[in-house]
Amino acid sequence: MTKPVKRLYSFEFKLNAVQRYIAGETRVALAKELELSSPHLIAVWAGQYRAQGEEGLRPKPKGRPRTKPEAPAQPEPELQQLRRENERLRAEVAFLGKVRALRDGEQR
């Protein structure tokens, strides 16, 4: 038994099949003539052609798109750093105060 292989079709092949289908040939006859695995392929290609034009039939790049390397981050000004640290410390003090108040409430 042979393993089925997913065939890849060129842009020109798809475009030719879709144009012939739009001109009036039937999907079944085209699929047999072009030796396609299913007439449904022609319907899918025709839908892509109608929605996106010829670009819809072009092969798409595989995988996740490459990310552009980010520019090196510029160091944060010292004043900005100190303000951020000050804000974090204030939040920490407020949190510890609430914890202490809860603990004192339980002991009574």
For this session: May I ask you to verify whether Leu57 is modelled with pLDDT under 95 and within 23 Å of the chain's Cα centre (by Cα)?
Result: yes
Problem set entry | Residues of the stretch 40-63 satisfying the condition of being over 19 Å from Val5 (Cβ atoms) and part of a loop (DSSP other than H, G, I, E, B) | Arg58, Lys60, Pro61, Gly63
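The values are calculated or read from the model by the stated rules, or taken from the named source; none is laboratory data. Source: prediction; values computed, not measured. Backbone-built Cβ (ideal geometry, glycine too); neighbour counts: all protein chains shown.
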